[in-house]
């Protein structure tokens, strides 16, 4: 399939969908790749990627650290076939919870339901695609019917689930994963949502309304008078509770965006809102193509996060950002990790400990409030606060 | 204040906060800037910015088009002082609804509450800042007490508001804006949240849990047993209802991220979920520093959106992306707009029409469902659907 | 003219060239733009651009500093119509020498020779353009005959000039500028090359073989047995001599690339090769869209240049990089500069002082060699030099 | 060695140089990496990198195509240890000529001369480095004495060589490589410049004055009254002659910059200047972190090159740009190539065929001039040429 055809006309839908099916690639712990990263990736972003691998394997995964590891996912990684890397990490207990854009989870459902996404090209005529009912995610192509069928599955699941009140996204995605396993037996080996349910890994979505899963829940409310809704409060408090309970905390951030921000807000929620200083993340790994020079949160450095108490000021050597497309860097990272010494850990199964850890958060926060009540008039206690009008 | 001091030590908190206070800049419709953009911005991204200005003023603002205009905001624009541009557009009726990261709204509260953010440098020692209690947003610096006081205000507002159930973010932000106007009279001239309430412009947040506003609502639930929560279903349906009601629809996207995605999902929600094809956006303007080559949604082109039905396939000439830091491009854009012919429109005051337009959405969706019921078994109607396992 | 038409066919050459002619925009010192930059550009890259403006006007242009100012140009700025900004700066004595890609000078000749470049779109069918004989520089379009006629002019100029030996690029471009003024009287107001000759500003090209000017000189050698050639040694030594003679040295770097590198090598040439430490640049302004995170020279920070002795370690506060497309940032910068207090300086006319300053460089270098002869065996004097094989 | 230490003081030179020595990594044709690229790199830039690998191995290296392959190098690849990849490709006959920034060749000399560059961090205090005599290339660190000793070697080589007139850079670098092999026997296995001489691969530099090699030639002229100089005409004509002689032409472009431009100008030199249309490149592979949206040549697409006749309009499917740091992508590419079927070709040894091929170019160009003489007055033959003043 030629990858670039500006001005081409008359290409049939069949041709657009003639690229190889995308399948979830599972890293196997290649010794060659380990060697390349250690010996060949010596400078620039190659070296940063090497640092990321070694911070993860030599520090975060050390049994004595028992690091609570959050993975955040932005960018269309499941459409690109990277779900297999995520499944592998979950199965091995190397990721304890996930914060993802809804799109990655929604598109994972296509794999779970055995629909096919195809390798394609970003240089195609979108008007033609539109007319032929072909959907494009950069260079991933698939029929629009895949959307409609997946939506239908979601809506039927919502009815089937009987859920009818506020839930956290972890609860929703767990129920979804269980349903998938029932209806597509074995799909936990080729679906992130199902594998997470199987491994007890809670999955959160920072922006619950901007994916087709959220859109179908909104439909359910508007059309079926359902009272099922995502309660972002639960998401905030559950993630906060995980971080509070972590012996050490570390993250792997793919991309940036609201999942990164949601994860990093956990520490400020503790010290700023609940009055429980936790000291910031102990480890910080990011793979992104954004850049610090644009000033946004996606490209913000671990150093900037220090001033917010998001990253422990003592650990900057244990933080790294590798600037690279995740579709290249993340499989390399996972090959290295799977091929390293501590490549399997007991699973924390946090999805089942949400209530317990939230109760602990509430308990500690109440203690903090009792010990340090909010001032009657804030300004009294903040003499250096500047007021300019 | 020197803008770059690697390795400097002993810089006191006072020095870090010695930069000029940041104030909301209000565009005034400069004829010089109009001239520069028309005559001097002839190629490359300068030309794209010029196109954006002219699409907005010559097409989107034409009275006969009555375009429903959504503004999406990602990146720290209020900390950078760009709130004044947004206030100006709202006052003039040039923006009908807003989707913003929570951070932009939270930091807007500092201005509303008369706290000071300072011009600074991105080249400072963050460990030093941390020790001195100074918060850094790229090159914007302010005391951490500003966070604590703003949080306190938010929590007191939540109690005061009496809200105790699911709300849309528009409802929350409207109540917040009204509260600000009461407690800081006149602040609608220097606060986005207050000005939006005054002008009837609903503000949505795509990721309600990842800002300090959301974090304090989570506190309210955990600590005060409040039942106030953001219901993302309402956000999805309200925005969808606005788009359905629009004679023409157009957007100005600053940055990208989940606000961009949330806005653009409106059209697919209509055709894909509700069965009401609306035809896609008629106008599309984006200012971003992301790039198409990384493949992410933030940098995705209007053309890619066509295949999803997000952008009308017939209007690609009325879409444009200018690749530039919004802190430079957006004030230029606003100066041009304010200095153009149709620089004021009757306000739509959509914040007050949410229920009415939602009812209309429900009505039309029910009609569509009646006319085109979902198939009993989806695959029957989709013969070309591929199944690969 | 629609700016985006993927897949369009049958667009005639005439339509492709129907965009407005690009003309050199001359900055006029707008007070509005001055106000916007000082009051509205408060953070992120807007603030960096503001810093750049103030470093230039408040420091580099101070009469007592008598800064020798080099301007380097990469990226297609003359095709984009930014030649007028450069002409304005030269006429006012605000730039003392220039290092440019050859392409900017070659395309400036089109303006000098009264050919027309058109505003266009980057979203056109290049195969169609190729077949119609239309040349595209991103979104600038013009007939390929413009290349052929300009080449013909260059070749005739080379014959006419009688030059027949090694020359510096400054000498070549000066002769070219004089020739243009003779044959297109008055063109020094709308041609960078001609204006530079008129103002005595020497223009260098770091990569003399990669533009059509260099290609035609190569033709002249191969086909006419000419002995005219660019001698890069002269370029290196002349620029080095300018920097040595500067009371203070400063630069404005547009883009990056080999012009940036060529300029910055001046200081190491002095200390590393000639043994005359000059202390590094005193001022450093760059406008670029490259980024530090990729590690390349184009995006390298002033700080990195310190370790090489390219930038004075004491002046980091007087260095700044604004990340922005030059087509947007440079006209804004020039408007600010022209509207500032010290907006005119006596011209240094360095093009006429090349021999004198080179003689001085040779004299000082010989003195340095006499005082500090190279060691007979280098390693003797460098005990800590590491050798690893 | 901690990779990030803002604000640290008192770090000794020894500590800065304590990172592992960087060594040239030699790709070994890993089957695992081949598998990862074919099966795991399915979308986004991972897929582009896979395409690049397959265009190279399945098309460019096909014996029947006998493609003349140019490699262009920008960005600090030899400091980063990627010289081993280049040596491997040259030894195997997979690259026929090279166009590189001077810096890559100059820093290659450090390896040839057995000096050590160290792995380090980009987050160091450059003022401290400056004071300690440590040079930084992004995150590569080495003592400044390495520069001085390398310069001394270059100057002694220049004297030793006896060259005293205009030369092409290929001739210069060939002589340098021979000298290195004489003085550092065996260094052709760990030096690009030496290996190129051994393999008969000519190396050109597009910007001969902006590296320390060029600076020392300039010294030689100024201080020793040498008449040795780079003649860019020879570089232009030699490269042009190679391209003319190529059965098919293809390139691998690392980075962009003036080497990319120099290479691509070869085709326009043929049709535009010499009147010998060659039809454009048949294959085009680029690895870069620049982006098309900034409009510059480094990020320009193969499609844009079509309008200039630089790329054959019929071959767009055989062109690809992978957006990635070369330090990551190029070793992966080389592992794939070395592990593929046609991983060795007879060497063209173009360095020895320069005179012969130039004579052929001259002959054909004279034929073209005879058959299509330049018009007496150009405009007569170009009726549609626009003149606008």
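Brief remarks follow.
- Using a simple spin-label model with pseudo-atoms 7 Å out from Cα toward Cβ, residue A:38 and residue D:38 lie 2.7 nm apart.
- Crossing angle, helix C:44-55 versus chain C [Cα axis fit, 0-90 degrees, rounded to tens]: 60
- Taking the stretch D:147-249 and dividing mean pair separation by its residue count, relative contact order in percent (alpha carbons under 8 Å, at least six apart): 34
- As a calculated quantity, the FRET efficiency between residue A:14 and residue D:31 at R0 = 51 Å, using C-beta atoms, amounts to about 0.90.
- C-alpha center-to-center spacing [the stretch A:271-341, the stretch C:147-213] in angstrom: 52
- Viscosity 1.567 mPa s, temperature 4 °C, Stokes-Einstein D of the protein assembly as shown from Kirkwood C-alpha radius, µm²/s: 39
- Peptide C:301-314 has a mean shielding of 6, counted as Cβ atoms of other protein chains within 10 Å of each residue's Cβ.
- Residue of A:359, A:80, A:196 that the Gaussian network model of chain A assigns the largest fluctuation, springs spanning Cα pairs under 10 Å: A:359
- 0 to 90° range, to nearest 10: angle between helix B:232-245 axis and chain B longest Cα axis: 60
- The distance between label points at residue D:65 and residue B:227 comes to 6.9 nm (points 7 Å beyond Cα on the Cα→Cβ vector).
- Rounded to the nearest 10 degrees, the inclination of helix C:144-161 to the longest alpha-carbon principal axis of chain C is 50 degrees.
- Here the contact order of chain B, divided by its residue count and restricted to Cα pairs under 8 Å and six or more residues apart, works out to 24 percent.
- Spatial separation of Cα centroids for the stretch D:36-62 and the stretch B:344-367, in angstrom: 50
- If the convex hull is drawn through the Cα atoms of the stretch C:129-253, its volume per residue in Å³: 139
- Cα-only Debye scattering, chain D: base-10 log of I(q)/I(0) at q = 0.06, 0.07 Å⁻¹: -0.25, -0.34
- For chain C, built as a Gaussian network whose Cα springs stay under 10 Å, the top-fluctuating residue of C:76, C:47, C:170: C:47
- Going from the fewest other Cβ atoms within 10 Å to the most, the residues D:352, A:16, D:65 appear in the order D:352, D:65, A:16.
- Summary value for the stretch A:262-375: 28 percent relative contact order, contacts being C-alpha pairs under 8 angstrom separated by 6+ residues.
- For the rotation that carries chain B onto chain C, the axis lies closest to a Cβ at B:32, 2, where the number is the distance in whole Å.
- Bridge orientation summary for chain A: considering DSSP beta bridges with both residues in this region, about 20 percent are antiparallel.
- Within a Gaussian network of chain C (alpha carbon springs, distance under 10 Å), most fluctuating of C:198, C:112, C:368: C:368
- Relative to the other identical copies, residue B:370 shows label-point distances of 6.0, 8.7, 10.5 nm, where the label point lies 7 Å from Cα along the Cβ direction and values run shortest first.
- Between copies, the label points of residue B:162, set 7 Å from Cα on the Cα→Cβ line, lie 3.8, 9.7, 10.3 nm apart, reported in increasing order to one decimal in nanometres.
- Residue mean of other protein chain beta carbons inside 10 Å, A:146-155: 4
- Neighbouring partner chain Cβ atoms per residue of B:283-294, average, 10 Å criterion: 6
- Considering only the protein assembly as shown, percent of DSSP beta bridges that pair antiparallel, nearest 5: 20
Readers should treat all values here as calculations from the given coordinates under stated rules, not as data from a laboratory. Just so it is clear, the model here is predicted, and its values are computed rather than measured. Reconstructed Cβ throughout: ideal geometry from the backbone, glycine too, with neighbour counts over all protein chains shown.
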